[in-house]
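Each value in this text was obtained by applying a stated rule to the coordinates, not by laboratory testing. Just so it is clear, the model here is predicted, and its values are computed rather than measured. Positions of Cβ are backbone-derived with ideal geometry, glycine not excepted, and every protein chain shown enters the neighbour counts.
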């Protein structure tokens with residue numbers, strides 16, 4: 001059994017970048033980094049860092065099913081979403097996803113940051129822009145443009161800090 005497993009789903013590469021940052025900050029060699037969508041069998045671990053791309057405020061069914069199947073583990077969540085600088089939205093995402101964690105697991109927390117979106121999202125905003133919703137669509141378009149550089153180096157650094165906080169929590173749990 002592994003000590004750490006960083007398991008992620010990434011549609012546009014955003015969550016994969018965060019997963020790699022978390023993985024590189026985990027100590028020792030008893031660890032693995034796996035894309036949940038591959039056919040590779042998923043090994044058992046003591047500690048899971050589970051990453052997801054946010055769609056409609058939550059994770060995919062594949063990720064939620066995996067989370068829900070874990071028992072007696074230590075679990076940290078991480079994700080990327082198009083919306084930036086929105087702590088309240090990030091908390092709502094965390095609440096939605098950690099609802100799948102069974103009570104016999106130890107929850108370590110979540111890290112969520114902005115990630116770039118596919119070009120078709122901007123095109124959708126542009127096509128839906130009418131005088132009645134012009135201000136809202138302009139805000140969405142600005143957010144889309146700001147997201148193009150994310151996750152950036154600061155997001156990566158924050159993911160590393162999150163990893164260290166999780167490791168500290170684990171150390172406190174073991175003493």
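Checking the structure you have, find out if any residue of segment 56-78 is in contact (Cβ under 8 Å) with a residue 60 or more places away in the chain, under 19 Å from the mean Cα position of the chain (by Cα) and under 20 Å from residue 37 (Cα atoms).
yes
Show the residue pairs that are 6+ apart or on different chains and have beta-carbon atoms under 6 Å apart, the first residue being within segment 129-141 and within 20 Å of residue 119 (Cβ to Cβ), the second being in a helix (DSSP H, G or I).
129/137; 137/125; 140/125; 141/125
Given the structure, is residue 92 touching a residue at least 60 places away in the same chain (Cβ under 8 Å) and more than 22 Å from residue 37 (Cβ to Cβ)?
When the stated conditions are applied, residue 92 does not pass them.
Which number in (1) farther than 18 Å from residue 3 by Cβ; (2) assigned to a helix (DSSP H, G or I); (3) touching a helix residue (DSSP H, G or I) at 6+ places or on another chain (Cβ under 7 Å) marks the one condition that residue 163 misses?
Looking at each condition in turn, residue 163 falls short on (1).
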